[in-house]
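Chemist: Below is one structure. I have some questions about it.
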Amino acid sequence: MLKIKAADKMVQVMAAWGIDNVYGLPGDSVDTTVEALYRHQDQIKFTQVRHEEVAALAASAHAKLTGRVGVCLSIGGPGAIHLLNGLYDAKMDHAPVVAIVGQVQSQLLNTGFFQEVDTPNLCADVAVYNKLVTSPATLPKLMDEAIRMAYKYQGVSVLTIPDDIPDHKIADNFQPTAGQFQLQRPQAQISEVDQALRMLQHAQKPLVLLGTGARHAQAAAREFVERYALPFIQTMPAKGIIADDHPNALGQIGKLGTKPAYEAMFNADLLILIGTDYPYAPYLNQHIPAIQIDWDPSKIGHRHNVALSLVADAQSALTLLNARGQVVNGRPFLAACQKNMRIWRSWMHDVQNKPHTGVLPSKMFAQLSKTAPKDVVWSVDVGTATSFGARFIDVQPTQKYTISAWLGTMGCALPGGIAAKSVWPQRLVYAICGDGAFAMVMQDFVTAVKYNLPMVVVVLNNKLLAFIEYEQQSAGQQNYAVDLAEIDFAKFAEACGGVGVNVTTDAEFAQALEKYQHPTKPVLINAAVYDEAPLPGKIVKDEAQGYLHFGFDYFKENFQMPKMPPFQEILRQFL
């Protein structure tokens, strides 16, 4: 029987599953695997990063953007520990990721050797599949299972591989299961669909909350809200499943959402949850019945009491709902919601035109949205960028949008941009970051330069952890440790071999966007932004009391009033 190195067979298995890129950093305990990737670089590209966290965040973004398994690689010990942040991002956003983690050689296991860490135990919470490879003959099979389980459970698979294991020769007789694998999702039952239609028929004020579980059902979801005249809210990571500027759209819900979405939620008489496990239960109206559509039965009733559950794939359920019900030509509740949204958008126009110095974030994001091509990829970081992105970027179904939704980890935008540009080299990619978030991963701007990934990175530079600044204020706390030392990120970009641009006005920012619509190398726009408050769409009582407490204590300590958001904005979003 023919013999083959276990590492080579493992790489063949990965290629059979369509894996074409691995994000990682080589090192002693993973060298034999890296050597195999070198031998098969015509099949699978290796993207060398400068920090393992970036590798895992890029693999997670790769999976979220494409629906295909993302793969990251690191040494054991410190490398594996660095991976964890990105692996938790994948776990919490239900992204299929495989992590290849090195380990000391087999004969040194459990001896307390240099960099020996109990990786399977370390990764027990983050992984849906977590194996220590102990035999060369099983390595291809375990990789096959790892990929299959990542897809099946939409989560993280971890293979810990002692470095001597992949170097052994094994019988070349394993056949990958990629060709036989099909992800089976439960199909909707007609009886349940008809019951849902009866509930919808009797409701006067039905409202849809749409999540990422409907991403593969864009057309059916749009037909559903149009057919039955339904206002809808999309969760943050679901932006663009239906166009954000659709006439029935109310934006997002929660702190980063809109006031019309908040008011619609608490005036509705029926809530239809589609493919979402939205975590902020206080922003859901718990006093009305709910219909929940989700393929995962563990999500049913998790956040809201459910009057009717459809444990089914969203495409299946929506297709039947669209086929079996009568068209609703008009609905007063929808008309009222649309009127509220027109008022809200006029308010947001006012926000973009308020007096300011420097670059105004709200205006910046609106400009980005207005000028972006129809196939742009948005990679948005955590912080004020998340807030302004939610409110001022109207994502379209032809575009892609990725954030760290559930983990909310700062530093996700640059790795997301690297992944996006690796997958779609012809598409414009915007990675939008705060200065605090970008500084956490900025070393990997040089990765974009090295691999000729001409994305545009926008840094909101206000020398502040601005989201935390206003978070402290809304909690009634004084601002502390939120100021940041200034970095000239444009000079840094140039030092890495990219293009760096400093902009200090709205006009300069607009000119930079126009100039770099078709960048030939990575571009970093370092924008000196105005410290604009990322106010909640609806300021609730506790937040209003927090702002008052902050202002009173600040006055007592400093004998002057603090800089506050415009009173008109606060009043509009509170009343």
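The values are calculated or read from the model by the stated rules, or taken from the named source; none is laboratory data. Being a predicted model, the structure only gives us computed values, none of them experimental. Counting neighbours? That spans all protein chains shown, and the Cβs are built from the backbone with ideal geometry, glycine included. For accessibility, only protein heavy atoms count, side chains too; no ligands or nucleic acids. Shrake-Rupley method; radii C 1.70, N 1.55, O 1.52, S 1.80 Å.
Chemist: How many of the residues in region 475-519 are surrounded by fewer than 20 Cβ atoms within 10 Å (Cβ to Cβ), assigned to a loop (DSSP other than H, G, I, E, B) and of a type in the set (Gly, Ala, Ser)?
Modeler: The number of residues fulfilling the criteria is 5.
Chemist: Next up: Please name all residue pairs, on different chains or six or more residues apart, with Cβ atoms under 7 Å, provided the first residue is in region 341-356 and is under 11 Å from Arg391 (Cβ atoms) and the second residue is at pLDDT below 90 and open to solvent by less than 50 Å² (accessible area, probe 1.4 Å).
Modeler: Val351/Glu569
Chemist: If you check Val380 against the conditions, is it over 30 Å from Arg50 (Cα atoms) and open to solvent by less than 10 Å² (accessible area, probe 1.4 Å)?
Modeler: Taking the combined requirement at face value, the residue does not satisfy it.
Each row is one residue, and each column tells you yes or no for (1) among the β-branched types (Val, Ile, Thr); (2) more than 17 Å from Trp347 (Cα to Cα).
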{"position": "Leu250", "(1), (2)": "no, no"}
{"position": "Gly254", "(1), (2)": "no, yes"}
{"position": "Pro260", "(1), (2)": "no, no"}
{"position": "Met265", "(1), (2)": "no, yes"}
{"position": "Leu270", "(1), (2)": "no, yes"}
{"position": "Leu273", "(1), (2)": "no, yes"}
{"position": "Thr276", "(1), (2)": "yes, yes"}
{"position": "Ala281", "(1), (2)": "no, yes"}
{"position": "Asn285", "(1), (2)": "no, yes"}
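Chemist: If you don't mind, there's one more thing I want to ask. Looking only at strands (runs of 3 or more DSSP E) that lie completely in region 359-464, which have at least 1 residues being over 23 Å from Asp245 (Cβ atoms), touching a helix residue (DSSP H, G or I) at 6+ places or on another chain (Cβ under 8 Å) and modelled with pLDDT of 95 or more?
Modeler: 429-434, 456-461
Chemist: Tell me which residues, restricted to region 186-204, are surrounded by fewer than 18 Cβ atoms within 10 Å (Cβ to Cβ) and either hydroxyl-bearing (Ser, Thr, Tyr) or in contact with a helix residue (DSSP H, G or I) (Cβ under 7 Å, 6 or more places away or on another chain) (or both).
Modeler: Once the filter is applied, which keeps residues that are surrounded by fewer than 18 Cβ atoms within 10 Å (Cβ to Cβ) and either hydroxyl-bearing (Ser, Thr, Tyr) or in contact with a helix residue (DSSP H, G or I) (Cβ under 7 Å, 6 or more places away or on another chain) (or both), region 186-204 yields Gln187, Ile190, Ser191, Asp194, Leu197, Gln204.
Chemist: If a residue has to be in a loop (DSSP other than H, G, I, E, B) and surrounded by 24 or more Cβ atoms within 10 Å (Cβ to Cβ) to count, how many in region 217-234 make the cut?
Modeler: Looking only at that region, the number is 1.
Chemist: Being under 18 Å from the mean Cα position of the chain (by Cα) and not hydrophobic (A, V, I, L, M, F, W, C) is the filter; apply it to region 422-435 and report the residue that is surrounded by the fewest Cβ atoms within 10 Å (Cβ to Cβ).
Modeler: Result: Ser422.
Chemist: Just need a number here: residues in region 422-446 that are over 16 Å from Thr402 (Cβ atoms), touching a residue at least 60 places away in the same chain (Cβ under 8 Å) and touching a strand residue (DSSP E or B) at 6+ places or on another chain (Cβ under 7 Å).
Modeler: Going through region 422-446 one residue at a time, the tally reaches 1.
Chemist: Next question, about the same structure. With the structure loaded, tell me whether Phe467 is under 20 Å from the mean Cα position of the chain (by Cα) and open to solvent by 40 Å² or more (accessible area, probe 1.4 Å) or whether it fails that test.
Modeler: Criteria met by Phe467.
Chemist: Shifting gears a bit: Kindly indicate whether any position in region 95-104 is surrounded by fewer than 24 Cβ atoms within 10 Å (Cβ to Cβ) and in contact with a strand residue (DSSP E or B) (Cβ under 9 Å, 6 or more places away or on another chain).
Modeler: yes
Chemist: Also, I was wondering about something else. Of all residues in region 48-61, which are open to solvent by 10 Å² or more (accessible area, probe 1.4 Å) and either farther than 17 Å from Ala437 by Cβ or in a helix (DSSP H, G or I) (or both)?
Modeler: Within region 48-61, Gln48, Glu52, Glu53 meet the criteria.
Chemist: Can you say whether Gln107 is assigned to a loop (DSSP other than H, G, I, E, B) and polar (S, T, N, Q), as far as the supplied structure shows?
Modeler: no
Chemist: Could you check region 384-410 and list, in sequence order, the residues that are closer than 23 Å to Gly86 by Cβ and touching a Leu at 6+ places or on another chain (Cβ under 7 Å)?
Modeler: If the condition is that a residue be closer than 23 Å to Gly86 by Cβ and touching a Leu at 6+ places or on another chain (Cβ under 7 Å), then Thr384, Ala385, Thr386, Ser387, Ala390, Lys400, Thr402 are the ones that fit.
Chemist: Kindly indicate which of Gly179, Gly251 is more than 16 Å from Ala314 (Cβ to Cβ), among the small types (Gly, Ala, Ser), modelled with pLDDT of 95 or more and open to solvent by 10 Å² or more (accessible area, probe 1.4 Å).
Modeler: Going through Gly179, Gly251 in turn, just one is more than 16 Å from Ala314 (Cβ to Cβ), among the small types (Gly, Ala, Ser), modelled with pLDDT of 95 or more and open to solvent by 10 Å² or more (accessible area, probe 1.4 Å): Gly251.
Chemist: All but one of (1) in a helix (DSSP H, G or I); (2) in contact with a helix residue (DSSP H, G or I) (Cβ under 8 Å, 6 or more places away or on another chain) hold for Val71, so report the exception by its number.
Modeler: All conditions are met except number (1).
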